[in-house]
Amino acid sequence: MERAENLARILEVNETFARDERGANDWLPILKLHRDEERFFESYKKATSEDVIRFYIIDADNPNSISYSVRAARENARSIRHLISLETWVQLNVFYNWIASLTGRNLRLSELSRLCGRIKEGVQLHSGIVTSTLYRDQVWSFYRLGVFTELADQVTRLIDIKYHALLPSWKDIGSPVDIAQWNALLRSASAYHGYRRVYPAGMSPTTVAGFILLSPRFPRSLTHCVSNIEATLDGLLSNEDLADVSFPRDSLETLKSLTERSSEDVITSGLHEYLDAVQIALLDFGSDVASTFFHAAPSS
């Protein structure tokens, strides 16, 4: 569900970036961000706005699409139906049925922002119901680990869209188009009002990227996510039922070290390289969680 919401955010912000004359038809960055070029071009000839939007919203064969993600969430919920509330199950089914009813006619570029807004609202409603009804045991802990790991990964991809929008012409940095794009990025991440609390005037790549990625008080930031991942993992491992579990912390320590860098250092040393390092560390962390708790080798 977290992936579905963030895909909606990425599509929405890319539509905004693609309005300028240089990027009028440039939807390829989204495919590159998710490493989906090969899969996409097996079914589509060109990365047009129409086909990329279809691929990421209603293409049921694309494992990174919103349709596929929501269907997977529903099947996961079905498998643990006895552990979740009736309210969670009902809302998820309503949302799933709405997503499943979408067709190409619902994907007009002029209506994309409104459609993405409704997807985000549906996921946020789901999140609120889960948060207010799910029993606080190990199920809750693993749910939080999944949410914050996915959110951390997707917020880096959202920022990476801006990096690709700047290419190949870095001379546009600081131009009205550049400022407008950073503004759109803040709004897409639901970060604009928080950003203005910290920076009442002015906007720059360093302050915007730094706020979205590294502000500990912004609830979608990488720093906030990693902090919650560590706290949730420590709470989980303190459970007496898991007393014999040993969790490798190298990937988590790498993530923590990445959040301790300054926004100036991130920008000057290479934003894309930083985001790539974060995504690799998150993949390693997810693998560690899976191998430790779900696919652990039997004890001898």
Subject >> Close pairs (7 angstrom Cβ cut-off, 6 or more residues apart or separate chains): over 14 Å from residue 159 (Cα atoms) and at pLDDT below 90 in the stretch 1-18, of a type outside the set (Lys, Arg) and not in a helix (DSSP H, G or I) anywhere >> reply: 18/24; 18/26; 18/27
Subject >> Considering residues of the stretch 24-48 that are small (Gly, Ala, Ser) and surrounded by fewer than 19 Cβ atoms within 10 Å (Cβ to Cβ) only, the residue modelled with the lowest pLDDT >> reply: 24
Original post:
How many residues are assigned to a helix (DSSP H, G or I) and in contact (Cβ under 8 Å) with a residue 24 or more places away in the chain when one looks only at the stretch 57-105?
Top reply: 18
Original post:
Tally time: how many residues in the stretch 151-190 are hydrophobic (A, V, I, L, M, F, W, C) and either touching a Cys at 6+ places or on another chain (Cβ under 9 Å) or modelled with pLDDT of 75 or more (or both)?
Top reply: 13
Original post:
Residues 273, 264, 230: which one is over 20 Å from the mean Cα position of the chain (by Cα) and not assigned by TED's automatic domain parsing to the domain that holds residue 113?
Top reply: 264
Subject >> Tabulated pairs, the stretch 123-143, first farther than 19 Å from residue 237 by Cβ, second buried (at least 16 other Cβ atoms within 10 Å of the Cβ) and of a type in the set (D, E, K, R), C-beta under 6 angstrom, 6+ apart or interchain >> reply: 123/5
Original post:
Within the stretch 113-137, which residues are modelled with pLDDT under 95 and surrounded by 14 or more Cβ atoms within 10 Å (Cβ to Cβ)?
Top reply: 113
Original post:
Does the stretch 80-94 contain at least one residue that is of a type in the set (Gly, Ala, Ser) and either assigned by TED's automatic domain parsing to the domain that holds residue 145 or touching an Asp or Glu at 6+ places or on another chain (Cβ under 9 Å) (or both)?
Top reply: no
Subject >> Residues satisfying the stated conditions in the stretch 258-279, i.e. over 17 Å from residue 158 (Cα atoms) and among the hydrophobic types (A, V, I, L, M, F, W, C) >> reply: 258
**OP:** Filter the stretch 242-257 for residues that are of a type outside the set (Ser, Thr, Tyr) and within 14 Å of residue 230 (Cα to Cα) and give the result.
**Re:** 247, 248, 249, 250, 252, 253, 255, 256
**OP:** For the stretch 246-278, enumerate the residues that are in contact with a Ser or Thr (Cβ under 6 Å, 6 or more places away or on another chain) and within 23 Å of residue 145 (Cβ to Cβ).
**Re:** 247, 259, 275, 278
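The values are calculated or read from the model by the stated rules, or taken from the named source; none is laboratory data. The shown structure was predicted, so the numbers you read here are calculated from the model rather than taken from an experiment. Counting neighbours? That spans all protein chains shown, and the Cβs are built from the backbone with ideal geometry, glycine included.
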